[in-house]
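Asks: Have a look at the structure that comes next, please.
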Amino acid sequence: MVNIRFEGREFDCREGETVLDALLRQGQNPPFSCRNGSCLVCLRRCVRGEPTEASQRALRPSLRRAGYFLPCKCKPQGSMEIEPPRAADLFSRAVVAEKEIVGDVCVLRLESATSLYYHAGQFLNLRREDGLMRSYSLASLPTEDYLLEVHVKRMPGGAMSEWIFDTLTVGDELDYQGPNGRVYYVSGSRMEDQDLLLVGNGTGAAPLLGIVRDAIDVGHRGRIRLFFGSRTRDGLYLHDRFTALANAHPSIEYVPCLSGEHVPEGFARGRVHEIALARCPELRGQRIFVAGHPAMVAAVEAAALTAGLDPSEVHADPYEVRSAPEKPTPIAEGATTRRAEIGTADPEMWQALREGELLREILHDFYTDVFEDSILSPYFHNVTKERVVGQVFSFMRDVFKGERSYFGMRPRTAHHWMVISDAIFDHREAMMVRTLRKHGLPEHLVSRWRKFEEGFRGDIVKPTPWALVIDGVEMPLDGFGEEELTVGTMCDGCQRAVEVGERVRYHLRLGLTYCATCAFSERRQSSAPTASPTGGVRA
C-alpha cells in the first residue's frame with residue numbers, strides 16, 4: 001500500500017488500485033469520465049514520486065516531461081503527491097499582431113510566443129484573462145504563414161466575440177491551447193489522389209481556406225470543389241480569396257452560394273449544402289470537408305453516409321453558436337433535438353431485422369465486442385451487457401416500428417455525463433458497421449442505420465458533461481451520498497459483504513458503494529463533501 005497526497009490530505013492506494021479509484025473510494029471527487037485514458041479529463045500533475053509509464057503513454061512529450069499523468073491509468077509503485085494542471089503547461093501565450101474586421105467577421109493574426117506544429121483546419125482554444133474560452137479554426141498554413149490566423153464571427157451578446165471585436169487590440173496578449181481537431185488535409189496519403197468536396201458557411205470557411213491552401217501546397221492531384229454559402233453577399237467574406245485561388249489553379253472549382261432574396265449574377269441561388277449535393281450527386285470515392293452551422297454540417301454528413309462513404313472520409317466541423325446570456329441547457333429542456341426519432345416507422349428495416357429477432361442478435365454480438373473493447377468498455381462500468389442490450393433493443397424497436405412504448409432514457413440523457421470525442425464516436429460506429437455486415441444486413445440498410453445513428457452525434461459528442469434535470473430538479477453530475485443500508489450489498493473497494501444497518505458511501509454517477517473501512521479512512525483530515533441520498537440518482 002502506498003500513500004497519495006491530494007489537495008493537502010493523505011490517502012492510501014492499495015495494490016493493483018489506480019490513483020483515481022483510490023481517491024473515489026475515499027470520498028474524493030476529481031474530474032474524470034471514461035476511466036480508461038481515452039478522454040484525458042482526469043489529467044493531473046505529479047510533483048513528488050513517479051507516474052507509471054502506462055499513465056503517461058497517451059500524453060505528448062512536453063506534458064510527460066512536466067510530470068503529467070492520467071490517474072485512471074496509474075497503479076503507483078510508490079507514494080505520490082499530485083496537483084491540478086498548471087495553466088502555463090496547457091496554454092501558450094500569443095500577441096495580437098494584426099486585427100482586420102470584415103463585416104461581422106474579425107480576422108485575428110496572432111504571433112505565438114512558442115513554435116507550434118499544426119495542420120491548417122485544426123482549431124485553437126482562445127482564452128481571455130477571466131478564463132472565458134472559445135474555439136476557433138486555423139485558416140493559416142504553417143509552411144507559408146508566420147502568424148496564426150483565426151476568424152471570429154460577431155454573435156449578438158456573445159461574451160467572447162464582442163470582447164474580441166470591441167476590446168481586444170493589436171499588441172494585446174491572450175492564452176491559447178491546441179492545436180486540436182481532425183478536420184485537416186493529410187499529405188502523403190490516399191487523400192492526395194481523391195477528389196475533394198468542401199462545403200462551408202459563416203466562419204466555417206476559415207478551416208476550408210487552410211485546407212485548400214494545404215492541398216495546393218503539397219501538389220494535390222485530384223479535383224477540388226469548394227462551396228461557400230451565406231444569406232447575403234456581405235457574408236461571403238472570403239469570396240475574393242477563394243476566387244483568386246480558383247483563378248490561379250484550374251483544378252479548383254469555386255461556387256459562391258446565396259440563400260437570400262438578392263442573388264447577383266455569378267452566384268448560385270439556394271442553401272449551400274443543397275447546391276453542393278445537387279451538383280455533386282456521386283459522392284463515393286470523394287473526400288468531404290464540411291464546416292459551419294451544425295444543421296448544415298449534419299445534412300452533408302447524413303448524405304455522405306447514405307451514399308456509402310466511410311466515416312473516416314467525412315471530416316466535419318460543426319460550429320456551436322453561443323449567444324448571451326449563457327446558461328447551461330439542462331437535459332430535460334434540451335431533449336427535443338431528436339423528438340422526431342420515434343414515430344416514423346421503417347417497415348423495410350424491421351422486416352430485414354426479422355421483426356426483432358435479428359436485431360437482438362446484432363446487439364448481443366455488438367455489445368459483446370464493446371464490453372471487450374479497451375476504448376468503449378470503461379463507459380459501461382457497473383452495468384451488465386444484458387441490461388444494455390435490453391434497453392437499446394427496446395429503443396431501436398420503437399424507432400423502426402414507429403411506436404412509443406419505450407420510456408427509458410434517450411441517447412442525449414443516457415450519455416449526459418460521458419465526455420466522448422468524435423474519434424471515439426467514429427470508433428463505435430465502425431464497430432457497429434462491422435457487426436451489421438457480419439449479420440448480412442443489406443448495404444443500403446447499413447447506410448440507413450449509420451445515417452440514423454449519425455443524427456445523435458450532436459447529443460453524444462461533447463468536451464464536458466451536461467446537466468441532468470429530473471422533474472425540474474437539476475441532479476448533481478458527481479459527488480457522494482451516505483446512507484445506512486436497508487439491503488445488504490458488496491463493497492466495491494474491498495469486496496467484503498456489507499450487512500444491513502452498516503453506513504456506506506456511494507458515488508452518485510457510478511453507483512459504486514464503499515464500506516466504512518474503505519470510505520472513511522483515518523488519513524482523512526476532514527470529511528469530504530457529500531450529497532443527500534435523495535439528491536442524486538444511483539447508477
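Here, each number is a calculation from the coordinates, and none is a lab measurement. Keep in mind that this is a model prediction, so the values were computed, not measured. Please note: Cβ atoms are built from the backbone with ideal geometry, for glycine as well, and neighbour counts cover all protein chains shown.
Asks: Calculate, in nm to one decimal, what Val263 and Val487 gain on full extension: separation in residues at 0.36 nm each, minus their alpha carbon distance.
Replies: 73.5 nm
Asks: Could you list which residues have their amide H under 5 Å from that of Val498, counting only those 5 or more apart in sequence or on another chain, with H placed in the peptide plane?
Replies: Residues meeting the criterion, in which the H sits 1.01 Å from N, are Thr489, Met490, Cys491.
Asks: What percent does the relative contact order of the stretch 2-88 come to when contacts are Cα pairs within less than 8 Å and at least six residues apart? List each step's numbers first, then the result.
Replies: Values: 157 pairs, mean separation 32.7, N = 87.
RCO, the stretch 2-88: 38 percent.
Asks: Could you go through the stretch 44-58 in sequence order and give the Karplus-derived ³J(HN,Hα) for each residue, using 6.51 cos²θ - 1.76 cosθ + 1.60 with θ = phi - 60°, rounded to whole Hz, and x for Gly and Pro?
Replies: 9, 10, 8, 9, 8, x, 10, x, 6, 4, 5, 7, 10, 4, 7
Asks: Can you tell me what percent of all Cα-Cα pairs in the stretch 228-291 are more than 13 Å apart?
Replies: I get 66 percent for the Cα pairs in the stretch 228-291 exceeding 13 Å.
Asks: Which entries in the list Lys75/Lys451; Lys401/Lys438; Lys73/Lys385; Lys73/Lys153 go over 30 Å, if you measure between the two C-alpha atoms of each? Don't jump to the answer; show the numbers that get you there.
Replies: Details: Lys75/Lys451 41 Å; Lys401/Lys438 23 Å; Lys73/Lys385 23 Å; Lys73/Lys153 40 Å.
Check vs 30 Å cut-off fails for Lys75/Lys451; Lys73/Lys153.
Asks: Based on Cα positions only, what radius of gyration and what Dmax would you give for the stretch 179-242, in angstroms?
Replies: Rg then Dmax for the stretch 179-242, in Å: 12.4, 38.
Asks: About the Cα centre, and with charges only on the beta carbon of Lys, Arg (+1) and Asp, Glu (-1), how big is the dipole of the stretch 2-88? Nearest 20 debye, please.
Replies: Details: 15 positive and 10 negative charges, 76 e Å.
I would put it at about 360 debye.
Asks: Hey, rough spin-label estimate for Thr167 and Glu129, points 7 angstrom out along Cα→Cβ, what's it come to in nanometres?
Replies: Distance between the two pseudo-spin positions: 0.9 nm.
Asks: What's the extension gain from Ala248 to Met1 if we count 0.36 nm per residue and subtract their Cα-Cα distance?
Replies: 82.2 nm
Asks: Using the Cβ atoms and a cut-off under 15 Å, what net charge is assigned to the surroundings of Pro256, where Lys and Arg are +1 and Asp and Glu are -1?
Replies: Within the 15 Å Cβ shell, the charges total +2.
Asks: Search the structure for amide H atoms under 5 Å from the amide H of Leu512, placed 1.01 Å from N in the peptide plane, and list their residues when 5 or more places away or on another chain.
Replies: When sequence neighbours closer than 5 places are left aside, the close amide H contacts are His507.
Asks: Round to the nearest 0.05 the FRET efficiency obtained for Thr143 and Arg503 when R0 = 60 Å and r is the Cβ-Cβ distance.
Replies: Efficiency at R0 = 60 Å is approximately 0.40.
Asks: Would you please give the residues with an amide H less than 5 Å from that of Leu138, counting only those at least 5 places away or on a separate chain, with H modeled from the backbone geometry?
Replies: Gly121, Gln122, Phe123, Leu124
Asks: Tell me, how many Å apart are the Cα centres for the stretch 277-293 and for the stretch 424-453?
Replies: Distance between centres, Cα-based: 20 Å.
Asks: Counting each pair of different Cα atoms once, what's the Kirkwood radius of the stretch 2-88 in Å, rounded to one decimal? Working shown, then result.
Replies: Numbers: mean 1/r = 0.0794 Å⁻¹.
Here the Kirkwood hydrodynamic radius works out to 12.6 Å.
Asks: Each residue of the stretch 63-75 in order: what ³J(HN,Hα) in whole Hz does its phi give by Karplus 6.51 cos²θ - 1.76 cosθ + 1.60, θ = phi - 60°, with x for Gly and Pro?
Replies: 6, 4, 5, 7, x, 6, 7, 9, x, 5, 10, 9, 9
Asks: Here's something else I'd like to know. Add +1 for every Lys or Arg and -1 for every Asp or Glu among the other residues with Cβ under 9 Å from the Cβ of Asp422, and state the total.
Replies: Here the charged neighbours net out to +1.
Asks: Bin by bin, in steps of 5 Å, what percent of the Cα pairs in the stretch 88-223 do you find, going until the bin that has the longest distance?
Replies: 2, 10, 20, 23, 19, 12, 8, 4, 2, 0
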